[in-house]
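Structure record follows, encoded as structure tokens.
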Amino acid sequence: MVCSCSTGRLKSRIGKDQHLDENSFDKLSGDFKNSKSDTVYSYRTLYNNFNYDTIYRQQDLTVNFSPIDKNKIKLKVFDNETAIDSLTIKGRFRKGYFKVRRQVNANFIVGPLVWVLAENTKYIGLTKDNNIVIMNSGGSGFLLLIALPIFAAGGGQTEVEYERQK
């Protein structure tokens, strides 16, 4: 049993962000703080949006965005100018944002009895101040294999901004 989640709602960002497309993807280049610029949100750090390892929840890291082409962006995480990890995210430009390829993750909570399936849709954008903004819309579904299927949807949508350093 998999529950659907809401798609990314970009209407809340109208007038706040720059329009990005295949011809302007190099605007995403730069170094950004790993911590959120708005401390009201206690969601996750910038790199933790793409890599769920707890080490990347450190606030003092720097994340470098390097667009490779119109469908790939390389992310590198730095700790005091030392690269500690990198990954390439794939997607495409859509509605003025870079839409990251949909991710579906499965976690086994109680062995094979209870699974949590999470689906995430992320959009990467640039604010008018050249800060990165990540819009994350996700939901989850639960499956109890032995007795009966139980499902729930939720997760909501978040919009978190991260400051440019260079």
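What follows draws every value from the coordinates through simple rules; no lab data is involved. What you are looking at is a predicted structure, and each value in this text was computed from that prediction instead of being measured. Virtual Cβ from ideal backbone geometry, glycine too; neighbours counted across all protein chains shown.
So the values come out like this:
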| item | result |
| --- | --- |
| Net +/- balance of residues flanking Asn64 in space, Cβ distance below 13 Å, scoring K and R +1, D and E -1 | +1 |
| Amide N of region 9-23 lying under 11 Å from the label point, which is placed 7 angstrom from the Cα of Lys166 along Cα→Cβ | none |
